[in-house]
Structure formats: C-alpha cells, structure tokens
Amino acid sequence: MYNEIALDTIDIHREPPMEEPARQYYFMAKCREWVQAFAEENGRLPKACVVNFGCQMNARDSEKLSGILECIGFLLTGDENADFVIFNTCTVRDNANQKVYGRLGELNGYKRRNPHMKIALCGCMTQEAAVRQKLRKSYPFVDLVFGTHNLFKFAELLWTTLSEADGMVVDIWEDTDQIVEDLPIERKYPFKSGINIMFGCNNFCSYCIVPYVRGRERSRTPEDILEEIRGLVADGVVEVMLLGQNVNSYGKNLSHPVTFAQLLQKVEQVEGLKRIRFMTSHPKDLSEELIQVMKDSKKICRHLHLPLQSGSTRILERMNRRYTKEQYLELAGRIRREIPDIAITTDIIVGFPGETMEDVEETMDVVRQVRFDNAFTFLYSKRTGTPAAAMEDQVPAGQVKEGFDRLLGLVQDTAREQVARYTGHVMEVLVEEVNESDPSLVTGRLSNNTVVHLPGDASLVGKLVTVSLEECYGFYYMGRICEKLR
Ligand code: SAH
Ligand code: SF4
Ligand code: F3S
C-alpha cells in the first residue's frame, strides 16, 4: 500500500486533532480499534467491498477508499455480500444512476441476512439533492452518504457510522477549496496509477452535470504531483495517467502559474517512469506548446483523447463547447501532421436538443476526416439542473436511435482501419494482466492504447516487452514477443 500510516503511534483517547490529514489518521486508528473488537467477537476480520462506477477520477478516489479501509484492517473483497459495502457513484448519464439503484436493491437483500452490514454511498450522485431525497424515501437502509468534496473525511464518517449510528449519516459539502494530501491508497494495478492533477471543472458544457457535482477547478501544485509520482515509481509504477476534466487548463489558478505542457516536461524527468498518459483534453484549450512537448517526448504515450461531442458548429455552440467544426478539424489535422503515429480518440453525444439528421451528418463528416482510432458514442441524457435540460426542442427517441446507429457503424469501420495500420510492425507493449478467457495469453497495451494479446504468463505482468504485431482482429492485435524494435 502507498502511504501506509503507523496507526499504533496515535493516542485515540485524547481529543481528535483539528488539522488534516492528522485528524483522519486519528479516526483511522479509532476505526481500527472497532475492527479489532469485531475480529475478537466474530473470530474473523470484517470484509469490505468498494464498488466503482464512473470515470478514471472516480476509480482513483475508489483506490483512496480501499487504502483507508485496508489500513484500518478490513479485508478487501470483490463480493458485495460483505460487512461494509461502499458504492462510489457516477451521475453523468441517467443509466449510471439506474445501475446504482438496481444494485442497492440487491444489497438490501444481503443486509436482511447480515444485520451488521453497513452500506455507504459516495461520489457524484450524492451531490444531487434529488438523489438524497430519493435515498431517504426509498433506500432508508443506506447507513452513510457523503460527497465528492469531503471524500478525505471518509475515516471520520466511517467512525461515526460504526460507533454510534442509528439511521443514515449524511455529510454533503456544496464546494471546497481544500485538497488533502497523504492519505493511504490501495492501487488496483501495482505497475500503473492514475494521479489527480486537478479537481472540478469550470467549463459548464450545457449538457453536463460534472461542474455541479465536482465543483470549481482546483489544481494541485507541481511539487505535490511530482512527489506523488516519485513515490509511486519507487513503489513499482512505470506508467502514470494524469487526471483532470480538462487537463489543458491545468495550473492557471496556482499562485505560481504553470502550463500543462510545463508540468508534462517535469514529469518526463522522473527517473524510472516509462510511460505518461493523460485525460481529458478540451479542444478549446489545447496549446501548440503541448503538441510540441508531446512530439519531442520519449515517455508521453502516442494517444490523445480529444472529445468532439458534435461535428455541427450550430450544436457545438448550443453545447457551449467554444470551438467550431472547422477549428476542431484544423486542430486534429495539425496534431496528425506533427505526430503521425498518434491515436486520436473521442467522445460523441447523439440527440442533443435541437439536433437534426443534418447535424449528425456533420458529425459523421468529422469522423471521416479525422479517422478516430476509437470513439465513445453516447445517447444524450437529460441532466436536471443543466441548461440543456431546459431547452425545448428535445429530440424524439426514434430519431436519436437512427442517428446513433448510423454514426456508430461509421465510427467502428473507421476505427477498425485505423487500429490495423500497424499490422506487421514491432512495438512496445506494457503487459497488464493474464488474459481472462485464455490463461496461456497475456494482455497489454501499445503506447497508442491499442490492446494486444500475446502468449506469455504472469511473470510478464507490469513489464514492457517488444512485440511483433502479427494480426489485427477488429480492435485488438494478436502478437508475439520478439527481440528488437524494428
Ligand atoms: N471532461 C471530459 C468529459 C467528462 S464526461 C471532457 O470534457 O471531455 C465523459 C463524456 O460523457 C463526455 O465527453 C460526454 O461525451 C459524455 N456526457 C457528458 N454529459 C452527457 C450527457 N448529459 N448525455 C450524454 N453524454 C454525456
Ligand atoms: Fe463536462 Fe464539459 Fe467539464 Fe467535460 S469540460 S466535465 S463535458 S462541463
Ligand atoms: Fe461520472 Fe462523476 Fe466521473 S459524474 S464521469 S464519476 S466526474
């Protein structure tokens, strides 16, 4: 575990300290006493299950929750029939919420058979007042609800829930300017890690709920980020993914402003680090400086996720994206010219209010021109409280479906051709895991993020190997380890 805390040295009989993170360490020590009492009473350690919904940022937050639970002494399990279950939720589209409600119903079944079980909910959904009302009314068996701004307080809230709680403990903050460092973290992969470089979003794209549930943009200092990365590398990490809703506006509000490109140059210098990825780039803020830094870098991966959302300038304007179709095309073209081996991936929404078939055609035109290496296509989902939800011309479901299917077909054809362009080449693969369906294979990724399967065993996991890409099957390669980079 990264940042393990020496809980034995903490005196839990005095008053809790006021400063962070010492306060949380204190409550972790208190919780650990509870865990020890549970173990004596039941002859086993309590089990905890952390379930993540949503994006990479949520995944990183879940690693923090896991780190705290493990430090306290809980046994982590993937089985939701556990003594403590926490759902880290997402609310970007309605289907994300529906999934959580469905799974909560199942948890209630387990709780009836295990009355000691505690259920917690955190993450983006809980920041919405309507969700909290629904939880109180229809899911009263939930024991703890907290939000995105006070995740660092998890140990303290867990202590309240374990020690005195009768009824639902709810703690939601509307916003924060606090960034608490140095809590324990349990990584999912020993060799790669996400790193938050900033929190929140100031863009207010008109369809998007993220700025409302994640608050205003706040950047961590380069010193804190670099210190974390150096620590991770010393702990076996070779690939980092720098995370933010719009990394291209990183550092603007720091007391000593730093650009994202400058941060990347500093990260590049960390010895022992092999690969650098980042997510997500807003096209309006992508600088020439960033393109040049990527081009000259040995470590920054050949992959750029550049969400398009729509190819129609009219719709882009209503989405408040602040670029036109032509500007996007010009930018993507420039990136392809400067860095020819880069993979460009994107997100597209179909069915935004007022969207016509002609608008979808415009989006398809961009797909044909940019030739995305992969594109995530989403059906527009109306999010209460966003400007788009109040727009009058919501598109009928039938029309949305037709546009979506046409776009998806095109996106898949283009991506298939793009991905296959390295057949026969020799490239580096970072092996990530033993293949789930065929244990004689391992699975990894190219610098450009394409998946490669190759013969091998668990000893390769976490290693960079040189692979000949023998055959492309749609969106992945079958390869074989070979001696040299050609
Ligand atoms: N900050 C990132 C996106 C985070 S949300 C960015 O700006 O690129 C991930 C994706 O979800 C978005 O790119 C968008 O395509 C999709 N999305 C967001 N809100 C949506 C909504 N209301 N309906 C459908 N898709 C949505
Ligand atoms: Fe949402 Fe836009 Fe912010 Fe991305 S940039 S999180 S789409 S508001
Ligand atoms: Fe979802 Fe929150 Fe991420 S809404 S996409 S988990 S920031």
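On average over all directions, what projected area in square nanometres does the range 154-212 have, based on the convex hull of its Cα atoms?
6.9 nm²
Is it possible to state the helix-based mean residue ellipticity at 222 nm for the chain, with each DSSP H run of 4+ residues giving -39500 (n - 2.57), the sum divided by total residues, to the nearest 500 deg cm²/dmol? What is it?
That comes out to -11000 deg cm²/dmol.
For the chain, give the magnitude of the charge dipole about the Cα centre (Cβ charges: +1 Lys/Arg, -1 Asp/Glu; no others), in debye to the nearest 20.
Roughly 680 debye for the chain.
Give the residue from Asn449, Thr313, Pro257 lying farthest towards the positive end of the charge dipole for the chain; charges sit on Cβ (+1 for Lys and Arg, -1 for Asp and Glu) and the dipole is referred to the Cα centre.
Highest projection toward the positive end goes to Thr313.
Rounded to the nearest 10 degrees, what's the angle between the helix 154-163 long axis and the longest principal axis of the chain, both from Cα atoms, 0 to 90?
Approximately 40 degrees, to the nearest ten.
Work out the charge dipole of the chain with +1 on the Cβ of Lys and Arg and -1 on the Cβ of Asp and Glu about the Cα centre, then indicate which of Ile300, Gln269, Val145 is farthest towards its positive end.
Ile300
Per the Cauchy relation, a quarter of the hull surface: what is the mean projected area of the convex hull of the alpha carbons in the range 237-290, in nm²?
With the hull built on Cα positions only, its mean projection is 4.0 nm².
Let me know the charge dipole size of the range 365-438 about its Cα centre in debye, to the nearest 20, where only the beta-carbon of Lys, Arg (+1) and Asp, Glu (-1) is charged.
Charge dipole of the range 365-438: 380 debye, to the nearest 20.
Modelled label-to-label distance, Thr384 and Glu80, 7 Å Cα→beta-carbon offset: nm?
Going from the Thr384 label point to the Glu80 one covers 2.3 nm.
So what is log10(I(q)/I(0)) for the chain at q = 0.06, 0.11, 0.12 1/Å, when the Debye sum runs over its Cα atoms only?
-0.29, -1.03, -1.22
Excluding same-chain residues fewer than 8 positions from Lys266, which aspartates and glutamates have a Cα within less than 17 Å of its Cα?
In chain and number order, the partners are Glu223, Asp224, Glu227, Glu228, Glu239, Glu289, Asp296.
What FRET efficiency would be calculated for the residue pair Arg406, Glu227, taking the C-beta separation as r and a Förster radius of 45 Å, to the nearest 0.05?
With a Förster radius of 45 Å, E is 0.40.
In 5 Å bins starting at zero, report the fraction of Cα pairs in the range 135-233 per bin as a rounded %.
All Cα pairs considered, the percentages come to 2, 10, 16, 16, 18, 16, 13, 6, 2, 0.
Let me check I have the definition right: for the range 233-351, take the eigenvalues of the Cα gyration tensor, multiply each by 5, take square roots. What are those semi-axes in whole Å, largest first?
27, 16, 13
Along the positive direction of the dipole of the chain (beta-carbon charges: Lys, Arg +1; Asp, Glu -1; about the Cα centre), which of Trp159, Phe278, Cys208 reaches farthest?
Cys208
Return the Cα extents of the range 433-486 along principal axes one, two and three, sorted largest first, each rounded to a whole Å.
Computed over the Cα atoms, the extents are 27, 25, 17 Å.
Taking a label point 7 Å from the Cα of Gln394 along the Cα→Cβ vector, which residues of the range 84-123 have an amide N closer than 11 Å to it?
none
Would you mind telling me the antiparallel percentage of the DSSP bridges in the chain, rounded to 5?
Expressed as a percentage, antiparallel bridges in the chain total about 35.
Which value in Å does the Kirkwood hydrodynamic radius of the range 1-140 take, with 1/r averaged over all unlike C-alpha pairs and then inverted?
When all Cα pairs of the range 1-140 are included, the Kirkwood radius is 16.4 Å.
Quick one: plug the Kirkwood hydrodynamic radius of the range 343-459 (C-alpha pairs) into Stokes-Einstein at 25 °C, 0.890 mPa s, and report D in µm²/s.
It comes out at roughly 147 µm²/s.
Given charges of +1 on the Cβ of Lys and Arg and -1 on the Cβ of Asp and Glu, with all other atoms neutral, how large is the dipole of the range 240-338 about its Cα centre, in debye to the nearest 20?
Dipole size: approximately 300 debye.
Are any of the pairs Lys64/Lys192; Lys64/Lys382; Lys64/Lys153; Lys64/Lys274; Lys284/Lys325 more than 21 Å apart by Cα-Cα distance, and if so, which?
Violating the 21 Å Cα-Cα cut-off are Lys64/Lys382; Lys64/Lys274.
If you line up the long axis of helix 397-419 against the longest principal axis of the chain, both from Cα atoms, how many degrees apart are they, to the nearest 10?
Roughly 70 degrees between the two axes.
How long is the gain from Asn95 to Gln56 if the chain were fully straight, where each residue apart is worth 0.36 nm and the alpha carbon distance is subtracted?
Value of the extension gain: 12.3 nm.
Helix 357-370 sits at what angle to the longest principal axis of the chain, using alpha carbons and giving 0 to 90 degrees rounded to 10?
Taking Cα atoms only, the helix is inclined about 80 degrees.
Using packing as a proxy for protection, rank 69-77, 388-396 so that the peptide with the highest average count of other Cβ atoms within 10 Å comes first.
For the peptides 69-77, 388-396, the packing ranking is 69-77, 388-396.
How far is it, in nm, from the label point at Ile481 to the one at Arg322 when both lie 7 Å from their Cα along the line to the Cβ?
If labels sit at Ile481 and Arg322, their model points lie 4.8 nm apart.
Throughout, read-outs are computed from the coordinates displayed, never taken from laboratory work. Just so it is clear, the structure is predicted and the values come from calculations on it, not from any experiment. Methodologically, a virtual Cβ is constructed for each residue, glycine included, from the backbone with ideal geometry; neighbour enumeration extends over all protein chains shown.
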